[in-house]
1. What distance in nm separates the simple spin-label points at residue 147 and residue 115, each placed 7 Å from Cα in the Cβ direction?
2. Quick one: what does P(r) look like for the stretch 15-78 with 10 Å bins over all Cα pairs, in whole %?
3. Normalise the Cα radius of gyration of the chain by 2.2 N^0.38 Å (N = residues in it) and let me know the number.
4. May I ask you to compute the full-extension gain from residue 27 to residue 39, defined as 0.36 nm times their residue separation minus their alpha-carbon distance, rounded to one decimal in nm?
5. If packing is taken as the mean number of other Cβ atoms within 10 Å per residue, what is the order of 55-67, 24-36, highest first?
6. In vacuo Debye scattering of the stretch 72-157, one point per C-alpha: log10 I(q)/I(0) at q = 0.22, 0.23, 0.25 Å⁻¹?
């Protein structure tokens, strides 16, 4: 297995992984995680833009021709009322091909990006994870991450 920076040739596979990862999210919270009808095209456009965006790290984990996961980290502005002592990077798009791969592929991606972020002067990583994504949560705990905030939602219809 190899972890490396994503290239244009990786876009189709990463978009497919992202689309697949959205199915269980809808079950967890149907309003917040409702998949848009054009999500595939929107994701492809967004990921294409991120490949060349400064202050973005887009990684893939591959084995041969199979994409096992990907991670996108972006420098994120700190709120003006908090000073963590340096740059914060947010990891929102972070997927693996199968839930059991979080403890291997997910950990490898997170470890690799942590090194790169540290080398870029970052002092903090924030990872977005669905509340009921238990496999990803376990990997984050094992990676010595802690919960800093929870978002609560209520549909208003």
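1. About 3.1 nm separates the two model spin labels.
2. With a bin width of 10 Å, the distribution comes to 18, 42, 36, 4.
3. Details: Rg = 15.5 Å, N = 157, 2.2 N^0.38 = 15.0 Å.
That ratio works out to 1.03.
4. On the way: separation 12, 0.36 × 12 = 4.32 nm, distance 1.67 nm.
Fully extending the segment from residue 27 to residue 39 adds 2.6 nm.
5. 55-67, 24-36
6. After summing over all Cα pairs, the log10 values are -1.14, -1.21, -1.35.
Every read-out reported here was derived from the displayed coordinates using simple, explicitly stated rules and does not represent laboratory data. Bear in mind the structure is a predicted one, so any value in this text is a computation, not a measurement. No Cβ is skipped: glycine too gets one built from the backbone with ideal geometry, and neighbour counts run over all protein chains shown.
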